[in-house]
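Since every read-out is calculated from the coordinates, none of them should be taken as a lab result. This structure is a prediction, so every number in the text was calculated from the model and none was measured. Don't worry about glycine lacking a Cβ; one is built from the backbone with ideal geometry, like all the others, and counts go over all protein chains shown.
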Amino acid sequence: MCLQAQEKDSVNNDRIEDVVILGLRKVDCQKIYDEEKALYEKQSEELQKLNFETLFDEILKLKEFQKIKSDERKIVILNPDYNTITFSCGNDSFFKCKHYEKYINKDVFEKVWNKNSYLKILNFFDNKIIIPLIEIPFWSFEQNMNDENNYLKTRNIEPFYKGIYRDLNNKKKEFYYSSHKKPTESLEISLDKNKIIARNYLQLDMKMFPVVSESSGVYSVTIILGNGEKELSKRYLLYQYKDGKWIFLEEKTK
């Protein structure tokens with residue numbers, strides 16, 4: 001059990017109060033807030049100078065992408081910002097502090113996964129059908145196909161095509177997908193309660209995020225390849241943007 005006590009309501013109060021956990025030292029919430037603000041401003045300023053389209057040029061040279069291209073499975077489900085869930089006990093004071101209101105996550109996502117970057121993926125996989133799904137696992141396949149949520153529609157990425165999918169109640173609905181070549185026949189798939197769709201497919205999860213480092217322009221690139229039933233490979237790579245180009249630094253293990 002995690003026991004906690006709070007001097008004042010540091011979350012809802014405009015004034016940033018310190019937090020104390022029974023038996024532990026007081027946490028300086030103002031310091032945490034100021035550090036988060038400074039980090040966001042630093043990363044936001046740095047973000048404007050980076051060219052992620054050239055990073056995709058480097059990433060697409062990796063063997064994982066060559067394997068996907070040569071794989072006989074034709075459908076690739078792309079999750080361009082995969083989510084993981086973490087739990088923490090014993091650090092309640094940090095979560096009770098008031099935090100800086102802006103987060104770099106969305107800014108990075110919009111800059112990294114712009115239209116031109118996505119088209120690099122599409123053109124590379126010129127023999128595949130790509131279904132981009134964001135906010136996995138929190139958004140369902142059906143939520144992703146709403147016009148106001150859909151990655152392709154909201155970014156006006158063309159060409160895109162409409163297919164038919166059957167939901168878990170066997171009801172027919174439309175979905176959006178990409179293909180380098182114009183399909184000659186209508187694509188129809190069915191959802192599966194145990195995996196995303198009831199077809200043989202590859203799932204490609206990718207995330208790019210700034211690394212807190214003394215050096216500027218350092219980003220982690222996470223690439224996870226699966227088949228809907230199990231994870232086939234996972235890599236954590238570090239790149240640095242320097243002198244107008246991306247340099248591979250190292251591969252990390254977790």
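Enumerate by residue number the trypsin sites (Lys or Arg not before Pro) in the range 129-217 meeting two conditions: DSSP loop (anything except H, G, I, E, B), and at most 11 other Cβ atoms within 10 Å of the site's Cβ. Taking the range 129-217 and a limit of 11 other Cβ atoms within 10 Å, the loop trypsin sites (Lys or Arg not before Pro) found are 171, 181, 193.
Just to be sure I understand: of the beta bridges DSSP finds with both ends in the range 95-211, what percent are antiparallel, rounded to 5? Write out the running numbers ahead of the final one.
Numbers: 9 of 12 bridges.
Given both bridge residues lie in the range 95-211, the antiparallel proportion sits at roughly 75 percent.
For the range 70-227, the relative contact order works out to 28 percent when only alpha carbon pairs closer than 8 Å and six or more residues apart are counted. Shown for the range 71-223 is the translational diffusion coefficient from the Stokes-Einstein equation, using the Kirkwood radius over Cα pairs, a temperature of 20 °C and a viscosity of 1.002 mPa s: 123 µm²/s. Cross-link pairs exceeding 22 Å between alpha carbons, from the set 74/120; 153/230; 31/96; 111/182: 153/230; 111/182. Report the percentage of all Cα-Cα pairs in the range 148-254 whose separation exceeds 24 Å, rounded to a whole percent. Pairs farther apart than 24 Å: 48 percent.
Applying a DSSP loop filter and a limit of 13 other Cβ atoms within 10 Å to the GluC sites (Glu not before Pro) in the range 110-192 leaves 148, 185. For the range 190-245 versus the range 118-179, the spacing of their alpha-carbon centroids is 18 Å.
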